Amino acid sequence: MDRLTGIGVSSGIAVGRAVILTQRTEVMRFPIPPDRIEREVQALHSARDLSRQQLRDISARIAQGPASELAALFDAQILMLDDEMLIGQAEKIVREERVNAAWAVHRAYEGLFELFSKMEDPYLRERENDVADVAGRLRMNLRHGARGPKELLSQIDGPSILIADELTASVAAQLDWSRVQGFATDAGSRTYHTAILARSLKVPAIVGLHDASLRIVAGTPLVLDGTTGELVVSPSPEAIDEAQRRAAWPRRKGTGAGEAGPIVTTDGVRVRLEANIELLEDLEYLNEYGAEGVGLYRSEFMLSGRALESVTEDEQYAMYRSLIEQVAPRPVTIRTFDLDERQVSRDQLRPERRRTRPGLRGLRLGLANPDLLRTQLRALVRASAHGPLRIMFPFVTGVEEVRQARAMLTAEASAFGRIAPGQIQVGAMIEVPSAALAADLLAPDVDFFTIGTNDLIQYSLAVDRTDDRVSDLYEPLHPAVLRLIRVVRRAAARHRIPVSLCGEMASDPALVGLLVGLGLTEFSMTPGAIPIVRQVVQELSAQDARRLAGHALRLATAAEIEEYLFDALAASAIQRSPSS
Ligand code: PEP
Ligand code: MG
């Protein structure tokens, strides 16, 4: 029995087995029963076969293109796939430590990485990037079968307690909190956000446990006390019994299933929740979670590693048409390719890679390569004949870009002939500060706005999230971010065009109240977050939310805003709790 003490941020007792989530590497580690070992090893081999096939396809395509010499890089990656030190080692870890395959791949990769980074030969040292790439591909293909933390957790027997290095809202929102009894994070007291999250989810939680996610072995029994901040590792059977008696915490309902019907706040404000989609396979979640449409389809994901030029108009048309038909009569918003120049003709785009570079990207890149943009617009115009479609341009920085793009779209629509001009709604993503500040100038040229907070935060705060030295400063609650959102919302209202928000902020149950208070009523988010966000909205009074936002906007720092939200949430939880 071992006791770790952190800061209790959401009261209540939780009892369960440890599930470890390491978000830095996006890998979840959990124990598997002996009878699942063969299945896990099989999954590992299937992921290797799929990866090999993908790499062969890429290599063959590249060998025929202008940069044919790059094909050898992928041939080298294929060889790595068969290296005993990667797959062989991962298999050994699965068998000996009885953990899931994705985690075993991660561990094997770390061993190899260390080996490569010690090498003198610069050529060999550079190969560490290829190893990272191969391991990432394997993990992605393994994930494809398991589909994220929610499904992974559903494979675990019995109640669990989540131990994470940090817990982002979008992951938290996708977990089934009827199965996860509580959570604890390594991240420290500074992260008030985790506290807000825990309270809005109504689960016992501790923060500031430093290295608990490294020290605790997956599957270990735990007792978590969110009031005292104490986490007992491997408690005695008596301690478990006692904790179970005390664990009569009023649990939130399961958040798995979607309900039908319009979503309204307690004072009757209608809120629309749509889904962000990257892959057609994700559409199956639309009905399950009750999405009212697709608010963001990130079209660049259809390339899945292929060069942009190689995707034909017909191929795009078939894909968009299928998307529209599957979602109809609900609307689909397709965003034109959001790539940067590195990704146009090279195999650089992987779903797990985030773009961080400004420069020639998004709509700018499309306008600089008009033939490619025109091809996409033609495919979209043709597809729009099959259901309600909205087209959205990414990374807009000013009015000229939108006007040029719209003119191209009008020309394609006229040439097609079967679509009346104006039949397709055209919107701008507001994700660069210049677009936010000039939203009133942009509004007359578009039919709708969609606020992309992921980039808006990054560019307004000058913080590259992948740079460890500053990633701490990435603050969704920074006063400047909230003000930019308000500016955009007001410009949209003045020009009577709809505005939605589709960044990660939308899937954060702790922030929904604030966003509704800022006047937003349309959100698009990762599908799994819809049930929990719906629940929060339905318990919310828009009038109270407006008061909350009004006060938050007068505060000077993100930390003050977080603290204020936390206190407000705690106060409303007390008001709601029965007066026993
Ligand atoms: C955003 O920037 O908030 C957004 C939704 O776009 P992406 O995450 O695809 O950059
Ligand atoms: Mg963006």
Practice item. Kindly provide the set of residues from segment 455-479 that are away from ligand 1 (no atom under 16 Å from the Cβ) and within 18 Å of Glu562 (Cβ to Cβ), ordered by number. Key: Asp472, Leu473, Pro479
Study note, to complete from the structure: Flagged in segment 231-276 as hydrophobic (A, V, I, L, M, F, W, C), at pLDDT 80 or above and either part of a loop (DSSP other than H, G, I, E, B) or within 26 Å of Leu162 (Cβ to Cβ) (or both), in numbering order, are Leu231, Val232, Val233, Ala239, Ile240, Ala243, Val269, Leu273, Ala275
Point to revise | Matching residues, segment 432-454, being within 12 Å of ligand 1 (Cβ to nearest atom) and among the hydroxyl-bearing types (Ser, Thr, Tyr) | key: Thr450, Thr453
Point to revise | Subset tally (residues that are at pLDDT below 90 and either within 17 Å of the chain's Cα centre (by Cα) or outside the structural domain of Ile391 (by TED's automatic domain parsing) (or both)) for segment 285-301 | key: 5
Check your understanding: Filtering segment 303-360 down to residues that are within 14 Å of ligand 1 (Cβ to nearest atom) and at pLDDT 80 or above, which residue is nearest to Ala63 (Cα to Cα)?
Key -> Leu339
Exercise for review: Scan segment 431-472 for residues that are of a type in the set (Ser, Thr, Tyr), part of a helix (DSSP H, G or I) and either in contact (Cβ under 8 Å) with a residue 60 or more places away in the chain or surrounded by 18 or more Cβ atoms within 10 Å (Cβ to Cβ) (or both) and jot them down.
Suggested key: Thr453, Tyr459, Ser460
Exercise for review: Could you please let me know if Arg494 is at pLDDT 95 or above and more than 25 Å from Arg270 (Cβ to Cβ)?
Suggested key: no
Check your understanding: Out of (1) within 14 Å of ligand 2 (Cβ to nearest atom); (2) modelled with pLDDT under 95; (3) more than 21 Å from Ile391 (Cβ to Cβ), what's the single condition that is false for Asp472?
Key -> (1)
Check your understanding: Between residues in segment 391-407 that are within 16 Å of ligand 1 (Cβ to nearest atom) and residues that are part of a helix (DSSP H, G or I) and among the polar types (S, T, N, Q), which pairs lie under 9 Å by C-beta distance while being six or more apart or on different chains?
Key -> Ile391/Ser384; Val396/Ser434; Thr397/Ser434
**Study point:** Residue in segment 530-580 that is surrounded by the most Cβ atoms within 10 Å (Cβ to Cβ), counting only those that are small (Gly, Ala, Ser), over 16 Å from Thr266 (Cα atoms) and modelled with pLDDT under 85
**Key:** Ala570
**Study point:** Condition met for Glu412 (assigned by TED's automatic domain parsing to the domain that holds Ala556, more than 13 Å from ligand 1 (Cβ to nearest atom) and assigned to a loop (DSSP other than H, G, I, E, B))
**Key:** no
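Residues checked against (1) in contact with an Asp or Glu (Cβ under 9 Å, 6 or more places away or on another chain); (2) crowded, with 22+ Cβ neighbours inside 10 Å:
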residue: Met392; (1), (2): no, yes
residue: Val396; (1), (2): yes, yes
residue: Glu401; (1), (2): no, no
residue: Ala405; (1), (2): no, yes
residue: Met408; (1), (2): no, no
residue: Phe416; (1), (2): no, no
residue: Ala420; (1), (2): no, no
residue: Val426; (1), (2): yes, no
residue: Met429; (1), (2): yes, yes
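The values are calculated or read from the model by the stated rules, or taken from the named source; none is laboratory data. Note that the structure is a prediction, hence the values are computed from the model and not measured. Please note: Cβ atoms are built from the backbone with ideal geometry, for glycine as well, and neighbour counts cover all protein chains shown.
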